[in-house]
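Below is one structure, written out as structure tokens, with a few remarks after it.
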Amino acid sequence: MIKAENVVKRFDGLLAVDRVSVEIKEGIVFGMVGTNGAGKSTLLRMIAGVLKADEGTITVDEAPVFENPVAKKEVFYISDDAYYLNNGTPVDMADYYGAVYEKFNRKRYLELMDQLGLPLSRKISTFSKGMKKQVSILLGVCAGTKYLLCDETFDGLDPVMRQAVKSIFAKEITERGLTPVLASHNLRELEDICDHVGLLHKGGVLLSKDLEEMRTGIHKIQCVFADEEQEARVLMGLDVVNKDQRGRLKTLTVRGVQEEIASRVAAAEPVFFEMLPLTLEEIFISETEVAGYDFKKLIL
Amino acid sequence: MTSRSSFFKLLKEDLRQRLWTVVLAAIVFILPVPIYIAMEISGSRGFSTGMLDNFARRLAEPMAYSSIWLVLVTIVGALICAVSGFGYLFSKKKVDFFHSLPVKRETLFAVRYINGVLIYLVPYLAMVLVSILIITFTGNMKAVVFTIVAKGLAVHLLGYLAIYTTCILCVTFVGNIVVFFAVCGWVFGITPVTLLVFNWFEERFFNTYSYLGDSFNEWLYSLRFLFPGYFYIYSVDASGLAVTRASLLLQELAFVVVLTAITLLVYRVRPSDGAGKAIAFPVLKPVIRISVELLAGALMGMMFSEMADRSYGVPGWMVFGAILGVVLSHMLIQSIFHFDIRKCFAGKWSMGACAVVTIAFVLVMRYDTFGYDKYLPKERKIESVALEMTGFDRYRNNYKYTGSYIEWTNELDEMELTNIKEVYPYLESLVADNEAYWELRENGQTAESMRVNVAYRLENGKTVYREYRANGIREDLFAPIFESQEYKEVHYSDVYSIPASFVNSMTAAHAMNVLHMNLSTAEGEELMSILRRELSAQTLKEKLNTLPVAVLNMTVIDRTPLYDSDGMPIESTYEYTTELPIYASFTETLRFMKERGFTASGAYEWTGEERMRVELPEIAIKDPEQYVGEVYSYDASVELTEYVLAGDSKLIESQIAYPEDWDYGYNVIPVDPEDFERLYALCTWEDLYHYGKPGFDRYEYYRVYVEVPQDGYNMYETYRFIIPADADLSFLYAN
């Protein structure tokens, strides 16, 4: 488990990370969202042992990570602007990482490179942005670490490749309990891949929750009521977080257990009624509103 | 922990990344030197065996410690290897890459540091190997080659390590390549440049500043551990240093070890977010900025002073220059630190404080607030004193036999007057004379003076040098010093130190009366023994108030074998002539010369073949009006305000009327042969004046030239004589 406790980091007096406490459990895909400047990259760089926290502690499997090769052996960091060795090819990169990460799986790396159709002996500097990201991800996956920190890594990957990466992650999670930590400013990029999401804002964590847990606690209903009296009767018993109306069609975001909500609305016999899945964005809107923030201003 | 195998893997991978530096090093080392050696060999066939040692030495020269090529390669190589190894610290993405690896910073440092050394050392050794093979297989190998190569390797490798490590330290200080070069300049230059500027102020404003003290080199040596290039520069050229090259190299080794430890420490604590910034450690910013501002202020203050304020008036331009220097350097540095020209005035108060400090400094130096010129150590704190008076005995040669060879020495280095009680009153008079002299000068008046250099050797081991302007010799105060054996043994160091057995011949002379003869060893020893005794007994009174009666030249030949710095013998025969004035009190010496046929007088028998002429005296005048009608300017249009001819005006007129075909100058009067003897009776041989009246100006006298024909040649030997300007020479125009 990666654990950050009351972590503070300043750059030239500017507070980049402000008393952040977060736990990243093993075997999940952890999404870290936040606007530019929210502190995602700084937090990841601290978890990777690149930066030293000014205050607080960061541990990987209970060992402090900074200047601790034993702890760092379990972490692989892909920065938002990854570096590739001068004139290096994918094979050179594998050689270099192979010298550093004892568990680097060269065979699997070569297989995956082949699977994704990436040339092994061409200079990486000639690759497209997406190809470079794929190389980074494969290097990270094959390094054999427990944790893979990806900073804006999915930015620039096409949908097909995202699916491919997702399946690679899924396999690694299943087979050896890999824990990818994905930081992004774009919630939509994380939506279909994360199990747990932490929201960073102005250097602090606004919320950190399990996605499934969030999904089961909040729902979207579209319905058309016969009259206002019926509507009032239905709404009275529900914890409505958000209400939207187009003509007679009302869209409600409601907190609570799905079955209970459905039976309560159905019992009122509205003209039309349907339960819809919530997007991650909608879940966040409601969650941050509870915390007193306007999520649209935070992230969209 | 990094295992040994992964350490070597990292070494290998790092080296792969720096392949270009490896190739470059191989080219600059392995190609030029062996090619040069091969060309030298092919171009110089047919040497005799005796010349082979020197030839082998010449072949090894490109690998010697003094090889300019290796010095250049070492300095540039150190800079390149430091940047290629640690330049990743300038890039955020490279820092993220390398610092996220499960490798300790120490290991990363070691990998890169060692590779930087190997990139230099391996091609260097390859160059040595190839060169030695070429020299050996062409039959030119001598043992001296190995000595030269080993010394060269020690000097250059240590020099490389010192510069390379310093450059790495500079890399860790900054986050940008351009700022790196600026900080390198600061680290390498701040100490010597500060000392140079301070030295400049001393020279300019302290009247008693002595160049003989060489305070710059002395300070630089004291601060050598703050000047990373010191050891390398001085181990390449150790001439003039008090320490040996081996001692310098040992100090350099200690310097490298400590510097490497400091660099590793700084590298470890360097924040990773320093990449891209001007300076990675905020604490360094004020240190760099303030030191540069103070230095730039002082430097520009001095430059403006030199350009526009050479008088001793109010130093307005100097103050202006100081302020300008501080402001401009502040603007430049702040713009660089912030990468923003708009921030050039950030920290105005600090800039103001620097300007105030700089102005205070330049004014303190200008007005000698701390009394540099009045410096006189307490009597009890002086261990010994050395004196050197310019103008006194100015024709003395300060040669000394060291025990193995004869060398030029400096009285200030050699002399140790330990009777401070006797010397102190003279030193006090020097300080007072000096102050009076410069007071007159500052008031626009001229003053006569002679320079006296003094070296105070203090109890604390320091030596302080001063140059005073003395008002004459001060016979009463200087006599006990001159008459002491400590003074004489250094002042006449050649006579006292050169072994008597080296004396080969002597020449005794008084004008045209000359005796030259070879001396046997016994004669040489007798002469030296007499001379030493009589020199020791001579009083200052005689020296200052009487003229010598003859001049004695002794030729000494030193055949002691010499060895070069590599221990190889050098064939040498050193011939040296020492010259001494002989005074009337040197009775034993005069007896010695008389026994061999020389009498100390200028008596001469005229043959009628000689020629004689007189040159008129000149006097420097302060008020030309005073001399109108009495004397004649020899070049009225140009020099009337400086010199006029003095002496008998009728003599001058007679000269002016002289036939035009006379090819001497218009102030020269040819003498009729019938006047020779009468004129010669008034003459004193000018050489005796040189010794007996130090500082005399021959142009204030009648100068008489006697030209004596040389046997078998249509040439004349000229002898110069002096007659006082007030002498009656009317007989020259009586006819």
Residues located in region B:378-433, provided they are over 22 Å from residue B:500 (Cα atoms) and in a strand (DSSP E or B): B:382, B:383, B:384, B:385, B:386, B:387, B:388, B:389, B:417
Does region B:394-407 include one or more residues that are touching a Leu at 6+ places or on another chain (Cβ under 9 Å), more than 26 Å from residue B:557 (Cβ to Cβ) and surrounded by 15 or more Cβ atoms within 10 Å (Cβ to Cβ)? no
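Looking at this structure, is residue B:2 under 22 Å from residue A:93 (Cβ atoms) and at pLDDT 90 or above?
In short, no.
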Considering only residues of region A:136-155 that are away from every other protein chain (no Cβ under 13 Å) and assigned to a helix (DSSP H, G or I), which is surrounded by the fewest Cβ atoms within 10 Å (Cβ to Cβ)? A:141
Quick check on this structure: which one of B:345, B:320 is within 30 Å of residue B:444 (Cα to Cα) and without any contact (Cβ under 8 Å) to a residue 24 or more places away in the chain? B:320
Given the condition at positive phi and touching a residue at least 12 places away in the same chain (Cβ under 8 Å), answer yes or no: does some residue in region B:392-401 qualify? yes
Could we say that residue A:33 is modelled with pLDDT of 90 or more and of a type in the set (Val, Ile, Thr) here? no
Being assigned to a loop (DSSP other than H, G, I, E, B) and within 7 Å of another protein chain (Cβ to nearest Cβ) is the filter here; which residues of region A:83-100 pass it? A:83, A:85, A:86
Please specify each residue of region B:92-142 satisfying the condition of being in a loop (DSSP other than H, G, I, E, B) and more than 14 Å from chain A (Cβ to nearest Cβ). B:138, B:139, B:140, B:141, B:142
Flagged in region B:429-472 as in contact with a Pro (Cβ under 8 Å, 6 or more places away or on another chain) and hydrophobic (A, V, I, L, M, F, W, C), in numbering order, are B:458, B:464
Could you check, for region B:239-247, whether at least one of its residues is in contact (Cβ under 8 Å) with a residue 24 or more places away in the chain and surrounded by 21 or more Cβ atoms within 10 Å (Cβ to Cβ)? no
Among residues belonging to region B:428-462 that are touching a helix residue (DSSP H, G or I) at 6+ places or on another chain (Cβ under 8 Å) and free of Cβ contacts under 8 Å to residues at least 60 places away in the same chain, point out the one that is surrounded by the fewest Cβ atoms within 10 Å (Cβ to Cβ). B:446
Scan of region A:7-16 for residues that are within 12 Å of another protein chain (Cβ to nearest Cβ) and either in a strand (DSSP E or B) or among the β-branched types (Val, Ile, Thr) (or both), ordered by number: A:9, A:10, A:11, A:14, A:16
Out of the residues in region B:204-238 that are more than 26 Å from residue B:389 (Cα to Cα) and part of a loop (DSSP other than H, G, I, E, B), which is modelled with the lowest pLDDT? B:238
So, in region B:456-499, of the ones that are of a type in the set (Gly, Ala, Ser) and part of a loop (DSSP other than H, G, I, E, B), which residue ends up farthest from residue B:402 (Cα to Cα)? B:472
Hey, any hits in region A:107-121 for a residue that's facing chain B (nearest Cβ under 10 Å) and either outside any loop (DSSP other than H, G, I, E, B) or not polar (S, T, N, Q) (or both)? no
Consider residue A:30 against the criteria (1) of a type in the set (Phe, Trp, Tyr); (2) within 14 Å of chain B (Cβ to nearest Cβ); (3) under 18 Å from the mean Cα position of the chain (by Cα): it satisfies all of them except one. Which criterion is unmet? (2)
Does residue B:71 satisfy the criteria of being within 14 Å of another protein chain (Cβ to nearest Cβ) and part of a helix (DSSP H, G or I)? no
Can you run down the residue pairs with Cβ atoms below 8 Å, 6 or more apart or on separate chains, where the first is in region B:16-45 and assigned by TED's automatic domain parsing to the domain that holds residue B:136 and the partner is not in a helix (DSSP H, G or I) and not small (Gly, Ala, Ser)? B:17/A:85; B:17/A:86; B:41/B:138; B:41/B:140
Residues within region A:37-81 that are over 20 Å from the mean Cα position of the chain (by Cα), part of a helix (DSSP H, G or I) and more than 10 Å from every other protein chain (Cβ to nearest Cβ), tallied: 0
Looking only at region A:169-225, which residues are within 13 Å of residue A:154 (Cα to Cα) and in contact with a Lys or Arg (Cβ under 7 Å, 6 or more places away or on another chain)? A:183, A:193
Only one of A:224, A:240 is free of Cβ contacts under 8 Å to residues at least 40 places away in the same chain and of a type in the set (Val, Ile, Thr), namely A:240
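Do we have any residue at all in region A:181-196 that's without any contact (Cβ under 8 Å) to a residue 24 or more places away in the chain and under 21 Å from the mean Cα position of the chain (by Cα)? Before the answer, list the steps.
Taking region A:181-196 as the starting set, the residues that turn out to be without any contact (Cβ under 8 Å) to a residue 24 or more places away in the chain are none.
Scanning region A:181-196, I find no residue that is without any contact (Cβ under 8 Å) to a residue 24 or more places away in the chain and under 21 Å from the mean Cα position of the chain (by Cα), so the answer is no.
The values are calculated or read from the model by the stated rules, or taken from the named source; none is laboratory data. As the structure is a computational prediction, the values presented were derived from the model and not from experiment. Every residue, glycine as well, gets a Cβ built from its backbone with ideal geometry; the counts of neighbours run over all protein chains shown.
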